[in-house]
1. Using the structure shown, decide if Ser325 is under 28 Å from Arg150 (Cα atoms) and surrounded by 13 or more Cβ atoms within 10 Å (Cβ to Cβ).
2. Of the residues Ala395, Ala382, which single one is in contact with a helix residue (DSSP H, G or I) (Cβ under 9 Å, 6 or more places away or on another chain), among the hydrophobic types (A, V, I, L, M, F, W, C) and either crowded, with 18+ Cβ neighbours inside 10 Å or more than 19 Å from Arg117 (Cβ to Cβ) (or both)?
3. Need pairs with beta-carbon distance below 8 Å; first residue assigned by TED's automatic domain parsing to the domain that holds Arg381 and within segment 426-442, second part of a helix (DSSP H, G or I) and of a type in the set (D, E, K, R); sequence gap 6+ or separate chains.
4. Which pairs turn up if I take residues in segment 376-393 that are in the same structural domain as Arg428 (by TED's automatic domain parsing) and on the phi > 0 side of the Ramachandran plot and look for partners that are of a type in the set (Phe, Trp, Tyr) and assigned to a strand (DSSP E or B) with beta carbon separation below 6 Å, at least 6 apart in sequence or on another chain?
5. Restricting attention to segment 410-429, does a residue exist that is at pLDDT 90 or above and surrounded by fewer than 18 Cβ atoms within 10 Å (Cβ to Cβ)?
6. Against the condition modelled with pLDDT of 90 or more and part of a helix (DSSP H, G or I), how does Arg175 come out, does it pass?
7. Would you please name the residue that is modelled with the highest pLDDT, looking only at residues in segment 118-140 that are more than 14 Å from Lys192 (Cβ to Cβ) and part of a helix (DSSP H, G or I)?
8. Determine, yes or no, whether Asp338 is outside any helix (DSSP H, G or I), charged (D, E, K, R) and modelled with pLDDT of 90 or more.
Amino acid sequence: MAGAAQFIATARTDGRDWLVEAAEPLSELQLRSGGDLPGIIATPALLQLVRKSRKYGLRLARAIQAQDDSESVTAWVEIEPDEDGEGCRIGLTNWQAAPLTAEDQAAAARRHEAIERHVAELAARLGPQQEVLSVDCDCAELAEIAQRLREGQGRRWTELVEIAGDTRRKNLHWRLLDGARLVIPGSSRHWKAVLLPLGRAEPGKTGFDLLFVADEPPAPAPRTTATKSVFSTAIGRDIAPVLRQPISRIIANAETIRTQLAGPLSDEYSKYAADIATAGEHLLALIDDLADLEVVEAEEFDTAPDKIDLADVARRASGILGVRSRERGISIDAPKDDESVLAVGEFRRVLQILLNLLGNALRYAPEGSQVWLRAEREGGRARLTVADQGEGLSAEQQARVFEKFERLGRSGDGGSGLGLYISRRLARAMDGELSVESAPGQGARFTLELPAFDDRRQKRR
């Protein structure tokens with residue numbers, strides 16, 4: 001490597017691709033990105049270069065881009081492997097850091113999360129210690145892994161899944177596991193893990209959503225003359241998975257252009273990129289709605305009811321849509337942390353219903369208003385109500401609001417008019433109901449009702 005005097009910072013790694021020595025500003029970026037010193041390199045672009053340099057014994061030099069929670073960084077990196085192949089020496093020049101605006105951070109995080117959720121083929125709910133709580137998966141390639149995770153509930157997910165490159169990485173900070181490559185036996189596709197932290201004040205305090213995402217779309221399902229099932233429908237099985245991947249990448253590239261992370265751009269073209277990203281998000285939402293519509297209308301459709309806490313679901317939905325509410329100056333009054341209303345339902349479907357109800361409330365309530373989420377139990381029924389201060393609905397509109405493709409004359413918001421129809425079908429599939437109470441000028445109250453969880457009855461079974 002050239003003389004160290006030309007570099008603004010130098011660093012050294014070992015055979016595990018751990019950063020064992022680092023000068024500022026690289027050491028600060030390592031710690032801000034959730035890494036340790038010494039510890040595995042927490043900047044994905046730098047980690048990839050170091051691994052390639054060590055594996056092939058090549059000296060590499062190129063620009064990298066990194067981003068933590070507060071800054072976007074570009075730098076020129078030169079990497080030279082040690083003669084014994086056990087580590088690398090790193091030199092940095094032309095380090096440029098620019099703070100991310102609050103809008104950039106919120107928009108980028110929101111779009112990134114939405115993209116990952118759209119293309120994920122396995123979703124698991126984890127606790128604060130990354131222990132497995134529940135698993136949802138319809139992907140045949142991941143069936144074995146999904147079953148292993150279900151059987152290992154209560155254990156840390158990294159004990160049940162093979163992580164590529166380093167089998168010793170079992171108890172790492174979640175930021176270092178986010179994006180980790182996975183080994184999926186029997187699958188020809190390349191998979192990664194995505195960890196989305198839950199909790200407002202301290203990310204991950206209330207747990208995580210674990211997603212398995214493939215770089216490539218699934219192969220089209222072979223066509224047969226067998227009886228059609230809910231999992232071999234044209235949109236949900238054949239079309240949606242193939243479309244999500246390229247559309248999601250269009251959104252991601254448009255967002256990169258919009259935020260000017262790839263370089264300066266005129267305001268006019270930045271707005272074009274924002275329009276492309278928005279249109280892509282609307283198209284993804286429409287694809288999901290059509291796939292859901294096909295599922296809920298199938299004769300074989302059923303849910304997987306379990307014990308859930310409606311107050312907890314309400315708090316999670318409030319956290320997921322918190323950025324959107326703050327953008328419009330609308331406050332969400334969700335159930336307090338000590339509130340609990342137990343019900344019988346499928347967690348994923350109940351959350352889907354509530355996100356639709358809360359999203360509608362935030363879309364049509366006036367700026368500066370408030371939305372209330374209330375969970376309560378009455379006899380053998382548990383209820384969750386979403387109330388807003390919007391324009392309200394007439395009696396005629398209330399009679400039509402749950403109809404398929406009904407948008408009540410609204411236009412230009414990108415909605416499909418399927419959300420409430422699908423939500424009611426889901427509620428009824430769980431032996432529940434979805435209803436509305438409203439009057440013009442007095443807002444609207446949508447109430448999801450489900451069977452209450454009776455602990456004594458469950459124990460007798």
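1. Numbers: under 28 Å from Arg150 (Cα atoms): no; surrounded by 13 or more Cβ atoms within 10 Å (Cβ to Cβ): yes.
No, not satisfied.
2. Working: Ala395 fails: in contact with a helix residue (DSSP H, G or I) (Cβ under 9 Å, 6 or more places away or on another chain).
That would be Ala382, the only listed residue that is in contact with a helix residue (DSSP H, G or I) (Cβ under 9 Å, 6 or more places away or on another chain), among the hydrophobic types (A, V, I, L, M, F, W, C) and either crowded, with 18+ Cβ neighbours inside 10 Å or more than 19 Å from Arg117 (Cβ to Cβ) (or both).
3. Between residues of segment 426-442 that are assigned by TED's automatic domain parsing to the domain that holds Arg381 and residues that are part of a helix (DSSP H, G or I) and of a type in the set (D, E, K, R), the close pairs are Leu426/Arg349; Ala429/Arg349; Met430/Arg349; Glu433/Arg424; Leu434/Arg424; Leu434/Arg428.
4. none
5. Within segment 410-429 (the criterion being at pLDDT 90 or above and surrounded by fewer than 18 Cβ atoms within 10 Å (Cβ to Cβ)), the answer is yes, since at least one residue qualifies.
6. Values: modelled with pLDDT of 90 or more: no; part of a helix (DSSP H, G or I): yes.
In short, no.
7. Only one residue fits best here, namely Ala140.
8. Values: outside any helix (DSSP H, G or I): yes; charged (D, E, K, R): yes; modelled with pLDDT of 90 or more: yes.
In short, yes.
The values are calculated or read from the model by the stated rules, or taken from the named source; none is laboratory data. In this text, all values refer to a predicted model and were calculated from it rather than measured experimentally. All Cβ positions, even for glycine, are placed from backbone atoms using ideal geometry, and neighbour counts span all protein chains on display.
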